[in-house]
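K.L.:
Take a look at this one; I'll ask things after.
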Amino acid sequence: EENEEEEGGNEEKEEQAEAEEGDDVEALNADLKGLEEEEAKLREMQAQVEKEMGGGSNANAQVDAAAKEEVDTRSVYVGQVDYAVTPEQLHAHFASCGTVNRVTIMTDKFNNPKGFAYIEFLEPDAVQHAVLLNESELNGRKLKVSPKRTNVPGMRGGRG
């Protein structure tokens, strides 16, 4: 008799364990469903943000390339620039050509000037006037002035 009671108790314990296990599985499934819904919402939000920012990265790349090309048509390359020249001096030197929008003196990773600069003008026809300043002197050095060229991807002069 005692044996039978023990077996009955064991069966009850097993049924209770299976019920708890079933509850755990249901809870995990509910958690999983909640996470999947959250993921769907996040993907939707990401798509919305990308749409608002210009319809995807490829469209943005084309817009950026077009904008850079437009800026390049309003810019000149200035070579043989003295290392001591300031952006203000370059601005003043090219002010007679047109409205100077930006002066960029190229530097290395230690912030030392590389000896060349770019001048961006507000209007494209200022480039022609600036090119006339080729061979002009600034701080005792003859400047080399030419229209800024636009880099074409994949057109490197390396081996291949």
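K.L.:
Picking from GLU36, GLU20, which residue would you name as being in a helix (DSSP H, G or I), modelled with pLDDT of 90 or more and more than 19 Å from the chain's Cα centre (by Cα)?
P.N.:
Details: GLU20 fails: modelled with pLDDT of 90 or more.
Only one candidate passes the filter, namely GLU36.
K.L.:
When you scan segment 72-144 for strands (runs of 3 or more DSSP E) that lie fully inside it, which ones turn up with 2 or more residues that are of a type in the set (S, T, N, Q)?
P.N.:
The qualifying strands (runs of 3 or more DSSP E) are 100-107.
K.L.:
Still on this structure, please answer the following. Quick one: would you say LYS68 is modelled with pLDDT of 80 or more and in a helix (DSSP H, G or I)? Spell out the reasoning first.
P.N.:
On the way: modelled with pLDDT of 80 or more: yes; in a helix (DSSP H, G or I): yes.
Against the criterion (modelled with pLDDT of 80 or more and in a helix (DSSP H, G or I)), LYS68 qualifies.
K.L.:
Hey, any hits in segment 50-69 for a residue that's touching a residue at least 24 places away in the same chain (Cβ under 8 Å) and either of a type outside the set (S, T, N, Q) or farther than 30 Å from ALA117 by Cβ (or both)? Reasoning before the result, please.
P.N.:
In the first step, residues of segment 50-69 are kept if they are touching a residue at least 24 places away in the same chain (Cβ under 8 Å); the result is 68-69.
Add one more test, that the residue is either of a type outside the set (S, T, N, Q) or farther than 30 Å from ALA117 by Cβ (or both), and what stays is 68-69.
Yes: one or more hits.
K.L.:
Could you tell me whether segment 135-146 includes any residue that is among the β-branched types (Val, Ile, Thr), touching a helix residue (DSSP H, G or I) at 6+ places or on another chain (Cβ under 9 Å) and exposed (fewer than 13 other Cβ atoms within 10 Å of the Cβ)?
P.N.:
Looking only at segment 135-146, we keep the residues that are among the β-branched types (Val, Ile, Thr), and these are 145.
From what's left, touching a helix residue (DSSP H, G or I) at 6+ places or on another chain (Cβ under 9 Å): 145.
From the residues that got through so far, the ones that are exposed (fewer than 13 other Cβ atoms within 10 Å of the Cβ) too are none.
Looking through segment 135-146, none of the residues is among the β-branched types (Val, Ile, Thr), touching a helix residue (DSSP H, G or I) at 6+ places or on another chain (Cβ under 9 Å) and exposed (fewer than 13 other Cβ atoms within 10 Å of the Cβ).
K.L.:
Return the residues of segment 108-122 that are over 13 Å from PHE94 (Cα atoms) and surrounded by 11 or more Cβ atoms within 10 Å (Cβ to Cβ); say none if nothing qualifies. Before the answer, list the steps.
P.N.:
First pass over segment 108-122, keeping only residues over 13 Å from PHE94 (Cα atoms): 108-116.
Matches in segment 108-122: PRO113, LYS114, GLY115, PHE116.
K.L.:
Between residues in segment 95-123 that are more than 16 Å from PRO147 (Cα to Cα) and residues that are surrounded by 13 or more Cβ atoms within 10 Å (Cβ to Cβ) and modelled with pLDDT under 95, which pairs lie under 7 Å by C-beta distance while being six or more apart or on different chains?
P.N.:
Correct list of pairs: empty, since none qualify.
The values are calculated or read from the model by the stated rules, or taken from the named source; none is laboratory data. Here the structure is a predicted model, which means the values were calculated and not measured. Here Cβ is always computed from backbone atoms with ideal geometry, including for glycine, and neighbour counts include all displayed protein chains.
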